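Okay, structure first, notes after.
Any read-out appearing in this document is the output of simple, stated calculations on the displayed coordinates, not a laboratory observation. Please read all numbers here as calculations on a predicted model, not as lab measurements. Using ideal geometry, Cβ is built from the backbone for each residue, glycine included, and neighbour counts are taken over all protein chains shown.
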Amino acid sequence: MKLLTKKTVLSMLLMAICVFSTGCLDNSTGNDDNEVLYSHVESPGLSANDFLSGETFTSLEVEVDYMQGFAPNEEALDSLEAFFKQRLNKQSVSINEPTEIPAVGEASYTASQIRALEEENRDHYTSVEDSTLRAYIIIVDGQYEDGNVLGIAYYNTSSAFFGATYEQVSGPGFGEPSRRLTESISYRHEFGHLFGLVNIPGSGTEMQTNHQDTENGRHCDNDSCLMYYAMENAGLFDQFLGEEIPALDANCVADLQGNGGR
Ligand SMILES: [Zn+2]
Ligand SMILES: [Zn+2]
């Protein structure tokens, strides 16, 4: 409240100054966007240290939006929260109650469509003032443009997941991975990228030992690790799965610990 009052006074002051000057730029007042001090449109990995360490941000809050018909599996979100508690140096971690957003009905989405959807639907942003890092998850009703991935990390605090691909990959049938398992792996894997895995330049999450599977991009070379490339690939996914969510292997954990994580 105090801040608002100060801002109001400030804007009145500026308006008064404007009256007496020419060429005044209106870029400073009367806009809630001014509260956004932390850029959320950087490359994935660039907020890795802010996720991992407790230095700048002591809390993490995650907003979840899903298109009608594609509500996230609750146990998978619990599993994601447990993953945060296990690996991040935060005093508190919370995943907000998921919010339904209108279905768009596209068969597939491009990365720029996903960014536009975030612009339209995201409500919570990081503010340095309250020491809370805020991340964003969106679950859409189609597939990704390349058709084959379960999820993508697309901004420094944002990841998107593809409901139609979940439906294709998992089911109640014999040998099919459950939704709980599929979504848990998928959410954890994309956040692994946001934490800078594997070897993402500028993330500060440097490889303590060389373990990058360079043929498959920013992934781990261990086929039983969460960050193995097949873990986000709809076609390969179930070939590497057991009954349980794959853990991060020792190399990936060491990388996170090297950048303030645990
Ligand atoms: Zn990946
Ligand atoms: Zn690994």
Estimated inter-spin distance, E167 and L236, nm [label 7 Å along Cα→Cβ]: 2.6
Span from the the range 145-164 Cα centroid across to the the range 172-233 one, whole angstrom: 13
Scattering curve values for the range 84-124, log₁₀ I(q)/I(0), Debye with Cα scatterers, q = 0.23 Å⁻¹: -0.88
Computed Kirkwood radius, in angstrom, where 1/r is averaged over Cα pairs of the chain: 19.6
The range 64-133: relative contact order as a whole-number percent, Cα under 8 Å and 6+ apart: 39
Cut-off under 5 Å, modelled amide H: who pairs with I101 long-range: Y66, M67, Q68
Interchain or long-range residues, amide H under 5 Å from V93's placed H: L60
Antiparallel DSSP beta bridges within the chain, percent to nearest 5: 25
Whole-Hz ³J(HN,Hα) from phi, Karplus 6.51 cos²θ - 1.76 cosθ + 1.60, for the range 171-185, glycine and proline x: x, x, x, 4, x, 8, x, 6, 4, 4, 5, 4, 5, 4, 5
L248 long-range amide H proximity, modeled H, under 5 Å: L226
Inter-site label distance for E42 and S108 at 7 Å from Cα along Cβ, in nm: 3.1
Sequence of T126, T58 once ranked by neighbouring C-beta atoms within 10 Å, starting from the fewest: T58, T126
³J(HN,Hα), Karplus 6.51/-1.76/1.60, whole Hz, each residue of the range 115-124, x for Gly, Pro: 4, 5, 5, 4, 3, 6, 10, 6, 10, 10
